[in-house]
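**Q** Pasting a structure below so you can have a look.
The values are calculated or read from the model by the stated rules, or taken from the named source; none is laboratory data. Quick caveat, the model's predicted, so the values are computed rather than measured. Positions of Cβ are backbone-derived with ideal geometry, glycine not excepted, and every protein chain shown enters the neighbour counts.
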Amino acid sequence: MAFGLGKLAAVSGVTAAGGGIGVSMGNIVFSESKDTSIKTKKEESPSPTQSTVETQPKVCVIYEGNDPGRDKNTRRFSELLERFEGKEKFFEKYKEGAQKSASQDFKEEIRKACEGTDGKKNVKGNVYVWWGTSENKWFYASDMHDETDDWENDSQVQKKFQTETTPKQA
């Protein structure tokens, strides 16, 4: 401790003789701030034990259902025919030139439904569509996408598709 005080007095005396008291104090403060910035950088860097979670973009699952028709002002799917892991896979199958091709307007409607924007909805990331045989076009309806419309898990809806966990039903 005495050595440190002596060193401080010697440095202060030398700089005072040279008219540089401010410089000496500046050097002392500067070296202290260097140490703090190094400490700060070390404290900010994440430790190897901390895990960083990368969020994956949520996949929008498209289900092709049968034409739900109308029964006393309500519509209901009785069958889900096919499941697509992402709208891109659905659009790839039903691209221009396919037997049941999806129009640009329909693609935009599905994009909005997947995002839940512009009044379009999905149910837990699922979007349900059907091919209107008499109109020869694809349909999406917001009224078939209320939170209570969990067609994927509805026991009264037959699943005609196969996934890793569910075998195809007859």
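**Q** Mind listing whichever residues of region 93-114 are without any contact (Cβ under 8 Å) to a residue 24 or more places away in the chain and either part of a helix (DSSP H, G or I) or surrounded by 12 or more Cβ atoms within 10 Å (Cβ to Cβ) (or both)? Spell out how you get there, then give the answer.
**A** If we filter region 93-114 for residues that are without any contact (Cβ under 8 Å) to a residue 24 or more places away in the chain, which is where we start, we get 93, 95-99, 101, 104-105, 107-108, 112.
Result: K93, S101, Q104, D105, K107, E108, K112.
**Q** Kindly provide the set of residues from region 133-149 that are out of contact with any Asp or Glu (no Cβ under 6 Å at 6 or more places or on another chain) and either assigned to a strand (DSSP E or B) or modelled with pLDDT of 95 or more (or both), ordered by number.
**A** Here is the first cut: in region 133-149, the residues out of contact with any Asp or Glu (no Cβ under 6 Å at 6 or more places or on another chain) are 133-139, 141-149.
Listed by number, the residues that qualify are K137, W138, F139.
**Q** Which residues, taken from region 76-92, are hydrophobic (A, V, I, L, M, F, W, C) and part of a helix (DSSP H, G or I)?
**A** The initial filter retains those residues of region 76-92 that are hydrophobic (A, V, I, L, M, F, W, C), namely 77, 80-81, 84, 90-91.
Correct list: F90, F91.
**Q** Still on this structure, I have one more. Looking only at region 104-130, which residues are closer than 16 Å to F91 by Cα and in contact with an Asp or Glu (Cβ under 7 Å, 6 or more places away or on another chain)?
**A** Matches in region 104-130: K112, N126, V129, W130.
**Q** Does region 77-92 hold any residues that are without any contact (Cβ under 8 Å) to a residue 24 or more places away in the chain and surrounded by 15 or more Cβ atoms within 10 Å (Cβ to Cβ), and which are they? Before you say what the answer is, go through the steps one by one.
**A** Pass one, region 77-92, residues without any contact (Cβ under 8 Å) to a residue 24 or more places away in the chain: 84, 88, 91-92.
Selection gives F84, F91.
**Q** P68 - would you say it is of a type outside the set (K, R), surrounded by 10 or more Cβ atoms within 10 Å (Cβ to Cβ) and at pLDDT below 95?
**A** yes
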